[in-house]
Protein chains: 4
Amino acid sequence: SFNQFRGYFRMDINKLNHLSTKILSSRSMASKTPVGFIGLGNMGTPMAKNLLRNGYPVIATDVFPESCKELQDTGAQVVDSPAEVAEKADRIITMLPSSPNVIEVYTGPNGILKKVKKGTLLIDSSTIDPAVSKEMAVAAEKMGAVFMDAPVSGGVGAASLAKLTFMVGGVEEEYHAAQELLTCMGANVVYCGQVGTGQAAKICNNMLLAIGMIGTAETMNLGIRLGLDPKLLAKILNMSSGRCWSSDTYNPVPGVMEGVPSANNYQGGFGTTLMAKDLGLAQNTATNTKTPVPLGSLAHQIYRVMCSRGYANKDFSSVFQFLREEEGQ
Amino acid sequence: SFNQFRGYFRMDINKLNHLSTKILSSRSMASKTPVGFIGLGNMGTPMAKNLLRNGYPVIATDVFPESCKELQDTGAQVVDSPAEVAEKADRIITMLPSSPNVIEVYTGPNGILKKVKKGTLLIDSSTIDPAVSKEMAVAAEKMGAVFMDAPVSGGVGAASLAKLTFMVGGVEEEYHAAQELLTCMGANVVYCGQVGTGQAAKICNNMLLAIGMIGTAETMNLGIRLGLDPKLLAKILNMSSGRCWSSDTYNPVPGVMEGVPSANNYQGGFGTTLMAKDLGLAQNTATNTKTPVPLGSLAHQIYRVMCSRGYANKDFSSVFQFLREEEGQ
Amino acid sequence: SFNQFRGYFRMDINKLNHLSTKILSSRSMASKTPVGFIGLGNMGTPMAKNLLRNGYPVIATDVFPESCKELQDTGAQVVDSPAEVAEKADRIITMLPSSPNVIEVYTGPNGILKKVKKGTLLIDSSTIDPAVSKEMAVAAEKMGAVFMDAPVSGGVGAASLAKLTFMVGGVEEEYHAAQELLTCMGANVVYCGQVGTGQAAKICNNMLLAIGMIGTAETMNLGIRLGLDPKLLAKILNMSSGRCWSSDTYNPVPGVMEGVPSANNYQGGFGTTLMAKDLGLAQNTATNTKTPVPLGSLAHQIYRVMCSRGYANKDFSSVFQFLREEEGQ
Amino acid sequence: SFNQFRGYFRMDINKLNHLSTKILSSRSMASKTPVGFIGLGNMGTPMAKNLLRNGYPVIATDVFPESCKELQDTGAQVVDSPAEVAEKADRIITMLPSSPNVIEVYTGPNGILKKVKKGTLLIDSSTIDPAVSKEMAVAAEKMGAVFMDAPVSGGVGAASLAKLTFMVGGVEEEYHAAQELLTCMGANVVYCGQVGTGQAAKICNNMLLAIGMIGTAETMNLGIRLGLDPKLLAKILNMSSGRCWSSDTYNPVPGVMEGVPSANNYQGGFGTTLMAKDLGLAQNTATNTKTPVPLGSLAHQIYRVMCSRGYANKDFSSVFQFLREEEGQ
């Protein structure tokens, strides 16, 4: 399914020349110091494996023993807590489901910051509220460590193939150190600015993506109801000012494009639940910064309703199906 | 101002090869029979002049005598009513502000259909409800005439330079006859399907355009509030799945792009009032066909409120300014 | 089912003393001249029967012969067309599904206005766009007749029991003549102002009703999710500034009130389809008068989506069920 | 200004008989043990004064020395930190602007919980996220203390006159102890359930209030545009199913009612900024509990935009003015 969604946050590498650099490291493995990795879920495990593949010793931990076992079998050293990881590694990557997990792993009783060494580089690839990223950075700084946020775009497939895109926020001087590790796990690394801006970039992109997708679904549906052929309508939009990624690359109407979830009963791709989660983050940051986001907010509500009406695990382009009139109405 | 907006519904001509054909007519002027033209406003007058320039005798009328005078001075024959135009021309183009005007000009007591000759080709370039286009087509057919809808994209500048885009709905066999005339006034002519689909295509594009624009404005504003540099954010979006025409071609944030209304205090371009009108048409067609358009509907409301809060004559990208926090808040 | 909804647009008669008057006519039946009745559907038939019951001879017509048959059996004279009704009656009531039907019945080739006598009183009880009511009034005036709009509140049950509420728009001098007939069919008659204001009042009420209902459903759902007992929450709202008809008279949460559709699996009451129709009218009038109605517009979209997701025939309070999380989510 | 808004969350005392009890304490002042009070802002100061007036010794603190001075002059003992308050009082009331302040005052380095005595009753009257209330309750329980949330309705005036309404969440056995103090500061005390439900009740009420207010503003505006007299329209709505607190008690249209902010250029009452804050809380709790609130969410966005368009300090009923067409449009 990842093939279908590889393009979801794809970036044209040529365009990125001045934004990121793919480091082809020639250092020998022997010189590599251990990297900590905390959070061995669907995304974290293949990411950590890519670090191993690139010759980095990995010190890992997770709340689920099975996840630890799998990585141990691939050569990682498994320890009992984030604090222990922090004792043994001075570069640590975290990949966790949500803000509370991040807070626990960094500042909890057995958290990283309980044992972190001065100068340690902490990279959080979770997708969370940028305000939490900032809090973690402040807490890390108090201990003499450096925190960067580096959320990813791309799904499990991209993680396995080291094709993720990382959007990085944090002190610019530390960016190259982060980049060295991130390029082992991703195809693109973009520096976005101060701590939290990596999260901000991801959240902003996904909010506009959701708006464009629902807008495309509404528009295609309306056009079809008005007698337009869907393929022709897509062509007209794509040559005109209505053009967007959802209309020209990921069209939600079955039959318009091939190789996208709409061609496969909305299986694979980027699930409605995940989109609803990201829109919830966008909503929270907008609320907390008092920023009006009327369409972003309504998009959030629509995906939220879809989650409770049977669309939770379908690709987010299934909003076309959700809005479409039933047969016989 | 049109320069800034030339791109608003621009189409890549190469892409259009299989959709439309630019006819380079070699017929001598002597062979050209008169063309009727009704509606000599800001758009109609330059369109009619382009017909004259291409050697077509023009029989014109308008409710405002001054408009008639201007065209008469350029060589057109002015008559008193649509009915009289219909007596003297068997190809007639109408360019009127809204549905009621179209209904009056076609079916009113001095309307075209009172005197239309059998086989006459009627082309309506007004932007109106597609349901009205269909009604006019039925009424025309009863009189043995053929009605096509052919709304335009592009403003007064594009009309003067014969750079308009026409989206045409109507019987396919008559399309080439329409195309002959429309190519004198526009750079692109796209056949969309049955009567009303020209209107449908325009309305659909503009609805998605409005959604994309407001979405881009919200997203850029949120990103800026979260600490992202607006130019960098635009770059990231434009390489990613958030990309849309409003983000990559017509960015609403001052300082991100040059040559767009946001670089010029939102002057020129496509006015908020006109966008609100088109969204009203989209809303009406959606309501009447029972099609849900939640974001399109909210976009309509936002532009409607903007019209009453001092943004009526600014470019529609000024929604960025409308949503942005005031200084000191 | 009507029992459950009798209160839907109920008015407290005492409060209405200065707005309307129940005329207790003492005229003998013998003196009563015929009343025309056009549109013998679910609503029209019981309304016409109530005129018969009150001693008015009725001249009726409908496009469906069976409907005519039923009324004929109750004593009405059935004729072939609205024009024929107009020849035989100088007071005519119409009760039709939507605007196009009204236009046809009044101005069509066999329409009322083809044969209407000078001074005829025309009362349209259909729920339609007030702009169409105004058009009909102008057309009637040209023929020397008087047109009033008098849409109803209350369903089939209220129609049978002569418990409808009429909201009347039209020339004030004719109001008493209309009232004489309307009081045979309804419990309350409210004079609203010029032609179209009857429709306007009904549309406005139902728009605010829809907003209040969805708002109540959202609020109750949120409160329950936050741990509040639904009955207690309803009590608190109803004593506070959140109070509205939907919270205190027609609560959408099963178990909070008895005798309402939410207590009966949302059967009976006022169907989602009908609400969506009325919101469509509100939307159209708002669009056409350039009035922003953001919540009204979103309410319309929500009911429109519900219609296509299996809620078409449930009471409109089922929006609570629609928004509520599914089991297991 | 408070007079105008006294009714904003007013409750009919008779209706409340079974929900709350006004305790007429007969204990002598001499027997009263000190009450701690933290947060001496516009609301806190008059609340603390009412405790003094009722004979309770008050131990107070605030970050602003001037606020402390004022209360000291009225007889309170001022100390340096929340921790010190906790050392000296076993009943403490907090009244703070927002969640972060509450977290700091309870769990910060000089916070209450650093020195709290076992069995202390902690009552937080701030309006904050119910999730934070729950966190505080857990933290308090760890120290052997009891935490209750008791947000208020009513403004500065109601605080001065001891006419506030308290909505209380927490362990039921402790409710009467809380009630003893709260009745010194308010006219009504409602027990809502477990910790956090006081906040939930307030947030829910205000969300539905905002929806009803915007809905009423839209509806009144639409009706006026359609030719209805605003007073008549309000009467019709208030007798019908459109009725709500905003239409019948706090109508937003100037000229319809007296003694409300709309009769006084929207001065006084409940400011748009405060409403936007409460809607932000509603939005956050809805997002975090994955509850769809489409109208609540849009209401939030509308008040957020109003804050940035010059309506921040006007009463929240000024949304009527915000939505209304400008003159000359």
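The values are calculated or read from the model by the stated rules, or taken from the named source; none is laboratory data. Not measured: the values here are computed from a predicted model. Virtual Cβ from ideal backbone geometry, glycine too; neighbours counted across all protein chains shown.
Residue check: is A:Thr94 touching a residue at least 12 places away in the same chain (Cβ under 8 Å), under 20 Å from A:Tyr175 (Cβ atoms), out of contact with any strand residue (DSSP E or B) (no Cβ under 7 Å at 6 or more places or on another chain) and surrounded by 16 or more Cβ atoms within 10 Å (Cβ to Cβ)?
On the way: touching a residue at least 12 places away in the same chain (Cβ under 8 Å): yes; under 20 Å from A:Tyr175 (Cβ atoms): yes; out of contact with any strand residue (DSSP E or B) (no Cβ under 7 Å at 6 or more places or on another chain): no; surrounded by 16 or more Cβ atoms within 10 Å (Cβ to Cβ): yes.
Here the answer is no, as A:Thr94 does not meet what is asked.
Hey, can you tell me all the residues within region A:236-246 that are under 22 Å from B:Gly169 (Cβ atoms), in a helix (DSSP H, G or I) and at the interface with chain B (Cβ under 7 Å from one of its Cβ atoms)? Don't jump to the end; show me each part of the working.
Taking region A:236-246 as the starting set, the residues that turn out to be under 22 Å from B:Gly169 (Cβ atoms) are A:236-243.
Subset that is in a helix (DSSP H, G or I): A:236-238.
Passing the criteria: A:Ile236, A:Leu237.
Given region C:129-213, what strands (runs of 3 or more DSSP E) lie entirely inside it while holding 1 or more residues that are surrounded by fewer than 24 Cβ atoms within 10 Å (Cβ to Cβ)? Write out each step before concluding.
Values: elements: C:146-149, C:164-169, C:186-193.
So the answer is C:146-149, C:186-193.
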Scanning region C:151-196 for residues that are out of contact with any Phe, Trp or Tyr (no Cβ under 9 Å at 6 or more places or on another chain) and within 11 Å of another protein chain (Cβ to nearest Cβ), the one nearest to C:Leu279 (Cα to Cα) turns out to be C:Gly196
Could you grab me the full set of residues in region B:53-79 that are in contact (Cβ under 8 Å) with a residue 24 or more places away in the chain and surrounded by fewer than 19 Cβ atoms within 10 Å (Cβ to Cβ)? B:Arg53, B:Asn54, B:Gly55, B:Pro57, B:Phe64, B:Glu70, B:Thr74, B:Gln77
Starting from region C:203-214, take each residue that is over 17 Å from D:Leu209 (Cβ atoms) and without any contact (Cβ under 8 Å) to a residue 24 or more places away in the chain and list its partners that are part of a helix (DSSP H, G or I) and of a type in the set (A, V, I, L, M), counting only C-beta distances under 7 angstrom and pairs at least six apart or across chains. none
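Looking at region D:303-329, which of its residues are within 8 Å of chain A (Cβ to nearest Cβ) and either β-branched (Val, Ile, Thr) or touching a residue at least 24 places away in the same chain (Cβ under 8 Å) (or both)? Don't jump to the end; show me each part of the working.
Restricting attention to region D:303-329, the residues satisfying the condition of being within 8 Å of chain A (Cβ to nearest Cβ) are D:304-305, D:307-308.
Across region D:303-329, the qualifying residues are D:Arg304, D:Val305, D:Cys307.
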With the requirement that a residue be at the interface with chain D (Cβ under 9 Å from one of its Cβ atoms) and part of a helix (DSSP H, G or I), what does region A:278-294 give you? A:Leu279, A:Gly280, A:Leu281, A:Gln283, A:Asn284, A:Ala286, A:Thr287, A:Asn288, A:Pro294
Among the residues of region A:144-155, are any at pLDDT below 95, closer than 17 Å to A:Ala60 by Cα and under 20 Å from the mean Cα position of the chain (by Cα)? no
Any idea which of B:Ala299, B:Ala217 is within 8 Å of another protein chain (Cβ to nearest Cβ) and either crowded, with 24+ Cβ neighbours inside 10 Å or assigned to a loop (DSSP other than H, G, I, E, B) (or both)? B:Ala299
Strands (runs of 3 or more DSSP E) completely within region C:38-127 that count 3 or more residues being closer than 21 Å to C:Val156 by Cβ: C:58-61
Inter-residue pairs, beta-carbon under 6 Å, first assigned by TED's automatic domain parsing to the domain that holds C:Pro151 and surrounded by 19 or more Cβ atoms within 10 Å (Cβ to Cβ) and in region C:19-44, second among the aromatic types (Phe, Trp, Tyr) and modelled with pLDDT of 95 or more, 6+ apart: C:Val35/C:Tyr56
Can you confirm whether region D:249-260 contains a residue that is modelled with pLDDT of 95 or more, in contact with an Asp or Glu (Cβ under 6 Å, 6 or more places away or on another chain), part of a loop (DSSP other than H, G, I, E, B) and away from chain C (no Cβ under 11 Å)? no
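Output yes when any residue across region A:303-314 is touching a strand residue (DSSP E or B) at 6+ places or on another chain (Cβ under 6 Å) and not in a helix (DSSP H, G or I), and no when none is. Give the steps one after another, and end with the answer.
Going residue by residue through region A:303-314, those that are touching a strand residue (DSSP E or B) at 6+ places or on another chain (Cβ under 6 Å) are A:313.
From what's left, not in a helix (DSSP H, G or I): A:313.
For region A:303-314, residues touching a strand residue (DSSP E or B) at 6+ places or on another chain (Cβ under 6 Å) and not in a helix (DSSP H, G or I): present.
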Can you tell me which condition C:Leu228 does not meet? The list is (1) in contact (Cβ under 8 Å) with a residue 60 or more places away in the chain; (2) outside any helix (DSSP H, G or I); (3) of a type in the set (A, V, I, L, M), and all the others hold. (1)
Among the residues in region C:261-268, are any of a type in the set (A, V, I, L, M, F, W, C) and either touching a Ser or Thr at 6+ places or on another chain (Cβ under 9 Å) or at the interface with chain B (Cβ under 10 Å from one of its Cβ atoms) (or both)? no
